Amino acid sequence: MRRGLVRIGALAAKEALHIRRDPFTLYLALALPLLMIVLFGYGVSLDIDHIPLAVHDEDRSPESRALVDAFTAAHEFEAVGALEDAGAAGEAFARGRASAVLTVPAGYADRLARGEVATVALLLDASDAQATQQALTRADALAQVVTAEVVQARLGGMQVAAPLSARAWTRYNPAGRSALFLVPGLTAYVLAIVCVLLTSLAVAREWERGSMEQLFSTPVGRLEIIVGKLLPYLALGGVQVLLVLTAGAWIFDVPARGDLVVLAVASLLFLVGMLGQGLLISVVTRNQLVATQASTMSAMLPSMLLSGFMFPIANMPGVLRALSHVVPARYFITVLRGVLLKGTGWAELWPDLGMLALFATLMIAASTARFQRKLA
Amino acid sequence: MSPAIVVDGLSRRFGRFTAVDDVSFEVGRGEVFGYLGANGAGKSTTIRMLCGLLAPTAGDAVVAGARVSTQPEEVRARIGYMSQRFSLYPELRVAENLEFFGGAHGMGGRSLARRLEAVLERVGLAGLGRERTQDLPGGMRQRVALAGAILHEPAVVFLDEPTAGVDPWVRRRFWGLIRELADGGTTIFVTTHYMDEAELCGRVGLMVAGRLPALDTPEGLKRTHAPGRVWSVRGGELPPEQARLRLAALPGVLDVQSMGAGLRVRVDRHATLGADDLAASLSGTVEVEEDAASMEDVFLAVVDAEAQRVGTAAAFGEA
């Protein structure tokens, strides 16, 4: 037993030296996650602002100008120019000059004055479905605001209350900032890729160099090699988690409202699981190139597409929703969002922690089992 | 005292290919046992089985008192192994490499530190512990590798072609170390394809195509497999091939081999054929000198005999 610990210690110390001497590993482990958080955090914003709006105003009245002002006042739409005729809309879309075209027909002001229904047209470039959806929602809200003003003006300044009003309070992320939604998911995604890649190279490298044969001629056991390889990367992963979450808190003001112990336990389990997945890939492929490809495919795609990071799991077709149950990032993201944004703890998150623990155990068991001591 | 290594009917097949075919021998304690053979003859496969790295398909071996088939962990604890593709970690310092291999054998603390100093001293690398392994020349790296294999004071050390690709002077020095280790009681099992290294072993096993057709001291091997007197013949006016045929046709000549610029002629000890007869059979100025049989003569004779026995050139065990 004591000798076993000495052997694991020797393996871990050696691996730590490799990490310290290899600038690529350090870059991969520390610089890459930070870089990705900053790039994604700033670049991948799901907030739609400044939608370029071209205006085709046939009415040219104070009322029509008031409507355009209402659209552009909050900078949700940005006026990019006036169109001379309706046919120019297609060209504006094609050239990418505008994503929305507002057409105010002649007689708009007159119809309003007569108390009739005045119709304006909003053309949207729907090639980006998500952006269109948001633009539509904004336009609807703006139209209601303008309608209310017109009605009020018509009634000579008398206050009217709408007969029905539904008020929505958005909790946890009241400003609807996408950074708050993205950073937890991003944390899981970045850690998944980097951790799987790190360990997948670690064992394959020993096979390629032939040092695995040397290692096998010593009394070191299979589980000892797996654990010895895992420990230093686990420490490195811990530093990564702290780094990424600190960056999230600093740069994007991501709060931490819940129990940080739960977060720490979840991080540990998730790291072991992902590092274990890398070890399994390494043990099976024995080749750094193949291991790299297998890692990116098996870590990146599910963690991006099936984890709820970008696409809500509830909206997925049944097959994909079922598949998402075996993606550990899914559970880690739930814990991250829970602890950081919602302030939840053990009581709510234990099933996710359980799944993370299960995955970690499976990965370590599978890599140990698949680890052939004998040489081919 | 029981022998350090007992090998009994050891075989290893890979699919239809038989890499090691029913090999049996014993190695005594403190002996330097050489394993000579061409590339692909089965030397490395044998060593891997003896180190518990590869399971035999038939037969068994006892190494340092532990059975390879049933106690591979025990075997690994008692042996040192220096593989052919030797694998120190180049970005680690010399001492870090050795500390790792010591740790892998469960050594640690003060005793490891003391032992490390002693081993570096022994292989002539005292004070070089802080050097990066990749910065050392090949010969020194090899001695570091040897230090790694003997750090935990194993009873048996396996060296798989330890001197491949190193210049002769460095090889000599390395063999001096091997000799010292054996004198200290460690059993050395070393594979090589250098004939001059085979001469330095206590006993030599000759491997051809997975079989072990010859095993003896270097002198014994020469007596059995390359008997007779050996003459070195240089000069003459005939083209080499013609000269070879002319000499081979003389009564009492056993064998003629090309050797550098000349020919080596092995003659039956009881034949009356002398240096003058050899010279007279060729025209022009011919230089004839008596020479000693070498391991090379032995090797070629054994390979020839095996080829005839099997009846095909497969006996050469092309890699």
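The values are calculated or read from the model by the stated rules, or taken from the named source; none is laboratory data. Please read these numbers as outputs of a predicted model, since none were measured by experiment. Here Cβ is always computed from backbone atoms with ideal geometry, including for glycine, and neighbour counts include all displayed protein chains.
Laid out as a table, the results:
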read-out	value
Number of positions in segment B:93-123 that are surrounded by fewer than 17 Cβ atoms within 10 Å (Cβ to Cβ) and at pLDDT 90 or above	7
Some residue of segment B:41-58 being surrounded by fewer than 19 Cβ atoms within 10 Å (Cβ to Cβ), touching a Gly at 6+ places or on another chain (Cβ under 9 Å) and within 18 Å of residue B:160 (Cα to Cα)	no
Cross-chain or 6+ apart pairs with Cβ under 6 Å, segment A:161-180 first and part of a loop (DSSP other than H, G, I, E, B), then at pLDDT 70 or above	A:172/A:341; A:172/A:342; A:173/A:180
Pairs with Cβ under 8 Å, 6+ apart, first in segment B:38-60 and away from chain A (no Cβ under 13 Å), second in a helix (DSSP H, G or I)	B:38/B:303; B:38/B:316
Some residue of segment B:140-148 being of a type in the set (Lys, Arg), in a helix (DSSP H, G or I), touching a residue at least 40 places away in the same chain (Cβ under 8 Å) and within 14 Å of chain A (Cβ to nearest Cβ)	yes
Helices (runs of 4 or more DSSP H) enclosed by segment A:205-293 - at least 1 residues per element that are away from chain B (no Cβ under 13 Å) and surrounded by fewer than 22 Cβ atoms within 10 Å (Cβ to Cβ)	A:222-252, A:260-285
Single match in A:139, A:202, A:179 (criterion: among the hydrophobic types (A, V, I, L, M, F, W, C), touching a Phe, Trp or Tyr at 6+ places or on another chain (Cβ under 8 Å) and within 14 Å of chain B (Cβ to nearest Cβ))	A:202
So residue A:12, is it within 14 Å of chain B (Cβ to nearest Cβ), in contact with a helix residue (DSSP H, G or I) (Cβ under 8 Å, 6 or more places away or on another chain), surrounded by 19 or more Cβ atoms within 10 Å (Cβ to Cβ) and hydrophobic (A, V, I, L, M, F, W, C)	yes
Single match in B:83, B:87, B:69 (criterion: more than 7 Å from every other protein chain (Cβ to nearest Cβ), out of contact with any His (no Cβ under 7 Å at 6 or more places or on another chain) and of a type in the set (Ser, Thr, Tyr))	B:69
